[in-house]
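**Q** Structure provided below as structure tokens; questions to follow.
The values are calculated or read from the model by the stated rules, or taken from the named source; none is laboratory data. Computed from a predicted structure; not experimentally measured. Quick reminder, even Gly has a Cβ in these numbers, built from the backbone with ideal geometry, and neighbours come from all protein chains shown. Heads up: the accessible areas ignore ligands, DNA and RNA and are worked out on the full protein's heavy atoms, side chains in. Shrake-Rupley method; radii C 1.70, N 1.55, O 1.52, S 1.80 Å.
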Amino acid sequence: QVQLVESGGDLVQPGGSLRLSCACSGFTFSIYALNWYRQAPDKERELVAGIGSRNADTKYADSVKGRFTISRDNAKSTVYLQMNNLRPEDTAVYYCKAIRLSSVYWGQGTQVTVSS
């Protein structure tokens, strides 16, 4: 059974930091590319960051470059999103996605709220 379980979401003040985790099971984690998406109320889901399977190349949305860092630990089958200098506009539900060819798996999401 495939499972992607996000954790680490919380209420944080502007300028604060959070680290999201996505623990995966039920598939061969190391050969999948991993992405973090987010969806704010009344907005479309958007790609935040991605990391490749082989060489672990990373990519980021312009809005988070320099503030967010995606990483993966293949031994733990977990992908992380370190988020620094958070802004109110980062408020959203954050989802992880695993993808390889036609296989796509999503987690259920974790809420991040940035507010004073």
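**Q** Could you tell me which residue out of S7, G109, F27 lies farthest along the dipole of the chain toward its positive end? Charges go on the beta carbon: Lys and Arg +1, Asp and Glu -1, centred on the Cα centre.
**A** F27
**Q** Further, regarding this structure: Please report the accessible area of I99 (heavy atoms, 1.4 Å probe, ligands and nucleic acids excluded) in Å², nearest 10.
**A** Number for this one is 50 Å².
**Q** In addition: Dipole of the chain, Cα-centred, from +1 at each Lys and Arg C-beta and -1 at each Asp and Glu C-beta, to the nearest 20 debye?
**A** Charge dipole, the chain, about its Cα centre: 320 debye, nearest 20.
**Q** Before I look further, what does the chain give for accessible area per residue, probe 1.4 Å, in whole square angstrom?
**A** Values: 6330 Å² over 116 residues.
Roughly 55 Å² per residue, with all protein chains present.
**Q** More than 25 angstrom separation, counting every C-alpha pair in the chain; what % is that?
**A** In whole percent, the share of Cα-Cα pairs in the chain beyond 25 Å is 16.
**Q** How large is ³J(HN,Hα) for each residue in region 26-39, as worked out from phi by the Karplus curve 6.51 cos²θ - 1.76 cosθ + 1.60 (θ = phi - 60°), to whole Hz, x for Gly and Pro?
**A** x, 8, 7, 3, 5, 9, 9, 6, 10, 10, 10, 10, 9, 9
**Q** Using a 1.4 Å probe over the heavy atoms of the protein chains, calculate the carbon and sulfur portion of the accessible area of the chain as a whole percent.
**A** Reported share for carbon and sulfur atoms: 44 percent.
**Q** Now, a different point. For G50, what is the net charge nearby, where nearby means another residue's Cβ is under 10 Å from its Cβ and Lys, Arg count +1, Asp, Glu -1?
**A** Residues close to G50 contribute a combined charge of +1.
**Q** Multiply the residue gap between S63 and R87 by 0.36 nm, knock off their C-alpha separation, and tell me the result in nm, one decimal place.
**A** 7.6 nm
**Q** For the pair S17 and S103, what calculated FRET efficiency results from E = 1/(1 + (r/R0)^6), where r is the Cβ-Cβ distance and R0 = 35 Å, to the nearest 0.05?
**A** After rounding to 0.05, the efficiency reads 0.60.
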